[in-house]
1. What is the calculated FRET efficiency for Tyr225 to Ile121, with r their C-beta to C-beta distance and R₀ = 35 Å, to the nearest 0.05?
2. If you take the square roots of the eigenvalues of the alpha-carbon gyration tensor of segment 43-137 and sort them as a ≥ b ≥ c, do you get rounded (a/c under 1.5), prolate (a/b over b/c) or oblate?
3. Is it possible to state the helix-based mean residue ellipticity at 222 nm for the chain, with each DSSP H run of 4+ residues giving -39500 (n - 2.57), the sum divided by total residues, to the nearest 500 deg cm²/dmol? What is it?
4. Could you pull out the longest piece of the chain with no exposed loop chymotrypsin sites (Phe, Trp or Tyr not before Pro) in it, calling a site exposed if DSSP puts it outside H, G, I, E, B and it has at most 15 other Cβ atoms within 10 Å?
5. Rounded to whole Å, give me the distance from the Cα center of segment 349-427 to that of segment 94-131.
6. Percent of alpha carbon pairs in the chain separated by more than 32 Å?
7. Which of Ser300, Ser214 comes first, and how do the rest follow, when ranked by fewest Cβ neighbours within 10 Å?
8. Over 20 Å apart: what share of the alpha carbon pairs of segment 352-455 falls there, rounded to a whole percent?
Amino acid sequence: MLIKITKFLFLTLLTIVPEISIAQVLEPGTVTENIIANEAVAGVSPEVAYIFNTLSFLVMGFLVMFMAAGFCMLETGMVRSCSVIGILIKNISLYAIACTMFLLVGYNLMYMDVNGFMGTISLWSANDSAVAQGDYSSGYSSSSDWFFQMVFVATAASIVSGTLAERIKVIPFLLFVCVLSGFLYPVIGSWKWGGGWLDEIGFQDFAGSTLVHSVGGWAALAGAYFLGPRVGRYSDDGSIKSMPASSLPLVTLGTFVLWLGWFGFNGGSQLALGSGADATAIADIFVNTNMAAAGGVISSLIITQLFFKKIELTYVLNGALGGLVSITAEPLNPSAIEALLIGASGGVVVILSTQFLDKRKIDDVVGAIPVHLCCGIWGTLIVPFTNSDATYTSQLAGIGAIGLFALIGSTIVWGILKSTVGIRLSDKSQVEGADLTEYGHRAYTEFDIHGDEGEYKV
């Protein structure tokens, strides 16, 4: 009876949409159950696969784009109330600049005629002329692919922003974003995703634990070194002065937004939704991504309670993000329980590396280096545990080569910016907050500024 009802509905659909024939829908290819004749026939047509693949890029892409809002809210909540406007300006500006640089030079440098080390320096333009002739062999719209790849580079730039908050000048930071999104990130991406030399030696990084997150982390580490810590953050005796976050609810909201966006980040990296196998893979990726974040939260909860005698919210939130970064290098092959354990280990990495950085007076306002750099390395190293195509040798080679290139390249750029235009806000702007000294207005208008330390009070 169910088969008869299905057959009736299917034939009714064909009468409603007469331009789609059975021959178009059922072509030789992947074997599925023929609901009309109960015999082996093909899967969807090339046009239908083209539509689903393009839709996947667009939907997953706007999920990743929404991560920009997550980064913005997380950073806004982690800084003092008097330093919010600079965060807002940086986040919307870096996204716009990343879009523009990836259009002007980044995409083709990453994907066009890669010679092993890099592609070509040229302007990207859509190339879907064959589709007008009914040729869907490309598998997806070139514009959808550009959009999906573009939002990844904006993520790398956002990582840098959070680390350097409250003491970086906006214009030098945006100049750095131009170089990162237009040149550094695309060259590194071409080594693997563009079919370059790392791809040839078998390096595996499914969605970018190293290619995106560690690159942003290395750039942030170099920036933190040149910039130095915030005024008053570390005392001469080595003690750490607390600079409380202005809005932990905003930080929590930002974390949830990032968690949501990560489904697009990892799921979209399947790069297809034109078959049942692809749909199943994306569903598995969603589950593993979710469980890794959960593992990071749980391990952070337990560790902070055991060792600090209280649950530390910022560690818990970064534990979730650390779990997400850790699973990003291989979100498809692990089982759900393996993903949970990989993410839980990421939560541990976050706490240990945060303590390590503070002991060396490396000021990372939001904890981006522990989350994105350290967990990016951990997630890439653990790939061979669940993916037999990866080897520890190739993974180490990729981590090392990408780390050296990103760190040296970022060091050169930060060094040039520091020696020319300057990168650090004045002590006065840091103490009083840049909202008034640099931008002339406040993010929270119901507050008044009082005292030499620039604290906002109702």
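The numbers here are math on the coordinates, done by the rules we state, and not lab data. Keep in mind that what you see is a predicted model, and the values were worked out from it rather than measured. Here the Cβ positions follow ideal geometry from the backbone for every residue, glycine too, while neighbour counts run over all protein chains shown.
1. Numbers: r = 29 Å, r/R0 = 0.83.
The formula returns an efficiency of 0.75 here.
2. Values: a/c = 3.34, a/b = 1.77, b/c = 1.89.
Cα axes put segment 43-137 in the oblate bin.
3. On the way: 20 runs with 279 residues, N = 458.
For the chain, the value works out to -19500 deg cm²/dmol.
4. Working: sites that count: Phe117, Tyr444, Phe447.
That would be 118-443.
5. 25 Å
6. Numbers: 43686 of 104653 pairs.
The answer is 42 percent, as a whole percent.
7. Working: Ser300 28, Ser214 33.
Starting with the residue having the fewest Cβ neighbours, the order is Ser300, Ser214.
8. Working: 3436 of 5356 pairs.
Percent of Cα pairs beyond 20 Å in segment 352-455: 64.
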